[in-house]
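The values are calculated or read from the model by the stated rules, or taken from the named source; none is laboratory data. None of the values given here were measured: they were computed from a predicted structure. Because the Cβ atoms are built from the backbone with ideal geometry, glycine has one as well, and the counts that use them run over all protein chains shown.
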Amino acid sequence: MSVSAPVDSAGKPLTKNENLLKWVSEMAQLTKPERIVWCDGSEEEKNRLTEEAVAQKIIEPLNQEKLPGCYLHRSNPNDVARVEQLTFICTPTKEEAGPTNNWKDPKEAYEQLGKLFDGSMKGRTMYVVPYIMGPAGSKMSKVGVEITDSIYVVLNMRIMARMGKVALDMLGATSNDFNRGLHCTLDVNPERRFICHFPQDNTIWSVGSGYGGNVLLGKKCLALRVGSYLGKREGWLAEHMLILGVESPEGEMTYVAAAFPSACGKTNFAMMIPPKRFKGWKIWTVGDDIAWMRVGDDGKLYAVNPEFGYFGVAPGTSYDSNPNAMKTISRDTIFTNVARTPDGDVWWEGKDGATPQELIDWKGNAWTPASTEKAAHPNARFTAPATNNPCLSKFYDDPAGVPISAIIFGGRRATTVPLVMQAFNWLNGVFYGATMGSETTAAATGKVGVVRRDPFAMLPFCGYNMGEYFQHWLAMQSTITNPPKVFMVNWFRKDKNGKFLWPGFGENMRVLKWVVDRARLRVGGQETLFGWVPKAGDLDLSGLDIPHDQVDEATAIDLGEWKTELESYDEFFKSLGDQMPRALKLHRDLLLARIDAVT
Ligand code: GDP
Ligand code: PGA
Ligand code: MN
Ligand code: MN
């Protein structure tokens, strides 16, 4: 099948790029669709595809008076999260992918998946989705093209990335520099599900899934896995980080990037509303999941959010916990695997108000409060445009990015890790990032609640050898001459009865305020063996109605627990082999030796 240059509704060519046309014809020859649709990103196209998706029962309209432009999608129950065990980095050698990634030989992967793709779109439509990750025209941005057989993917990509004509224009007539993504839902059979990345070819092949993280190829696959590889090669950082701006009552703006693992609070933190005590303070969202960061001429780190929308966790989202998210998802949003009320509203565990007496659950079955199963899947998601967000930063689309003054690492830890701590220096900060631990969540299939090492919240997303990635972070010190200060936080520490010690959500502003003041060198700190912590009285707790000894418990550093913690890194560091930087191993030994020196 040879592909002719696509035209817009007025008959003008959308692109004449021969590299793109050639690749699209090759993929069409492989998958053998009945027809090819090039997506231009227009409103007209959105309306047409939405109607088609409704007619095909891929999505169903929700109550259009309550939730204008909102739709519900129910995925196959075997396809509700990222599948780390079926995700592969296909580099020429296994060593390049490293011990934390699944590896396939590129030639074998192309062959194996090629067989699955062969004729996979017979009798159906192939959509060609050009998109940009990052602001149009920014030197930090990258163009990708995703070929897919799924209207759900097209409609989601339209929200999550700058999609259509704008991307073809940025690619231009001659460039060959674009990510080649091929996706086919196939029969949604986990036995025939593979998400393969070919960093050297700037190519991604995904088959057998319809779940966001596996199929919206711009997000985890390009912006993180391939992105991190490109970052290493080109001297920048692709990170699993939110980006927010903190505005003080005086109008001073400070930008912070924070890496928390999936379902550990990024979207909430990025949209936080400060408590009453912080009158005049305001949080602005630049991004809620991914940051691309480069060193500017002034030696500072500048970040852009490559995405254009939010693919957020629905359960737990409420007017109480995250009002800005609730407003963001009140229109033009695709809900996946949430429950539906009889009048066409959406519901999930942790939403405001009383639990409805009857619902259709995420699997499409009748549900009542007596049901033993959850009404919404724990990893139910919303896909919503960034421009719906009432606290969207006006710099979210700035091609230059925003200057980052602080980087925060945080996991979900019931013990050990204190509420907040500042690293002594870059090395100490990289050590925090590299040794981050977190309990597993519903964002990936597998057991939930098990502590694992999740370095930089990138364990599932680093597209190359983890030890080399640590080394890349260490090496960045030579170019970031004006580095952000680095912090570690933990919103999830529990008391002996298993209750969270820290109220979290908006109250995290109290911690953020200290972070900002430290980054701006205007508040002291208490030195500990592992870093700086707030001096007594420095964390603003006024108006917070929890007992002070509960805060003490949340902020405490227990040397015994830390000894066990640091000792447990040994096995992890060894598992990373020869690439594990010596500086980080020595840093661990030094911290252990310092504990021994004082105990
Ligand atoms: P993301 O996947 O990293 O963007 O995380 P989300 O912001 O979507 O939050 C994931 C889950 O963690 C949701 O159920 C939230 O309600 C919960 N969560 C977020 N922030 C906090 C917090 O500060 N404290 C507690 N206890 N839970 C939180
Ligand atoms: P999350 O994004 O980090 O908001 O959960 C999706 C994911 O990481 O799978
Ligand atoms: Mn994520
Ligand atoms: Mn999120």
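Exactly one residue out of Ser228, Ser262 is within 16 Å of ligand 3 (Cβ to nearest atom), more than 14 Å from Ile408 (Cα to Cα) and assigned to a loop (DSSP other than H, G, I, E, B), and it is Ser262. Within the set Pro342, Pro385, Pro390, the sole residue that is under 21 Å from Gly218 (Cα atoms) and of a type outside the set (A, V, I, L, M, F, W, C) turns out to be Pro385. Residues of segment 283-302 include none that is within 13 Å of ligand 1 (Cβ to nearest atom), more than 15 Å from Ala258 (Cβ to Cβ), assigned to a loop (DSSP other than H, G, I, E, B) and at pLDDT 95 or above. Pairs linking a residue in segment 219-241 that is outside the structural domain of Val143 (by the TED database) and closer than 16 Å to Ala97 by Cβ to a residue that is among the polar types (S, T, N, Q) and within 12 Å of ligand 3 (Cβ to nearest atom), with Cβ atoms under 9 Å and 6 or more positions apart or on different chains, do not occur. Just one of the listed residues (Lys351, Lys266) is basic (Lys, Arg), away from ligand 4 (no atom under 16 Å from the Cβ) and not assigned by the TED database to the domain that holds Gly144, and it is Lys351.
The set of residues in segment 453-485 being outside any helix (DSSP H, G or I) and either within 16 Å of ligand 1 (Cβ to nearest atom) or among the aliphatic types (A, V, I, L, M) (or both) consists of Asp454, Met458, Leu459, Pro460, Phe461, Ile480. The set of residues from segment 357-413 being hydrophobic (A, V, I, L, M, F, W, C), in a loop (DSSP other than H, G, I, E, B) and away from ligand 3 (no atom under 16 Å from the Cβ) comprises Trp362, Ala370, Ala375, Ala376, Cys391, Phe395, Ala400. If you go through segment 294-327 and pick out every residue that is away from ligand 3 (no atom under 16 Å from the Cβ) and over 23 Å from Val346 (Cα atoms), you end up with 10. Against the numbered list (1) over 16 Å from Gly429 (Cβ atoms); (2) not in a loop (DSSP other than H, G, I, E, B), Lys535 comes up short only at (2).
So that you can scan it fast, the table gives a plain yes or no per residue for (1) within 28 Å of Asp545 (Cα to Cα); (2) hydroxyl-bearing (Ser, Thr, Tyr); (3) surrounded by fewer than 24 Cβ atoms within 10 Å (Cβ to Cβ):
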| site | (1), (2), (3) |
| --- | --- |
| Val226 | no, no, no |
| Gly235 | no, no, yes |
| Ile243 | no, no, no |
| Ala263 | yes, no, yes |
| Lys276 | yes, no, yes |
| Gly280 | yes, no, yes |
| Thr285 | yes, yes, no |
| Asp298 | no, no, yes |
| Tyr302 | no, yes, yes |
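Can you tell me which of Asn76, Asn63, Asn17 is more than 28 Å from the chain's Cα centre (by Cα), surrounded by 14 or more Cβ atoms within 10 Å (Cβ to Cβ) and under 25 Å from Asn337 (Cβ atoms)? Even if it seems obvious, please write down each step before you answer.
On the way: Asn76 fails: more than 28 Å from the chain's Cα centre (by Cα); Asn17 fails: under 25 Å from Asn337 (Cβ atoms).
Answer to the check: Asn63.
Would you please name the residue that is farthest from ligand 3 (Cβ to nearest atom), looking only at residues in segment 430-449 that are polar (S, T, N, Q) and closer than 30 Å to Arg582 by Cβ? My answer is Thr435.
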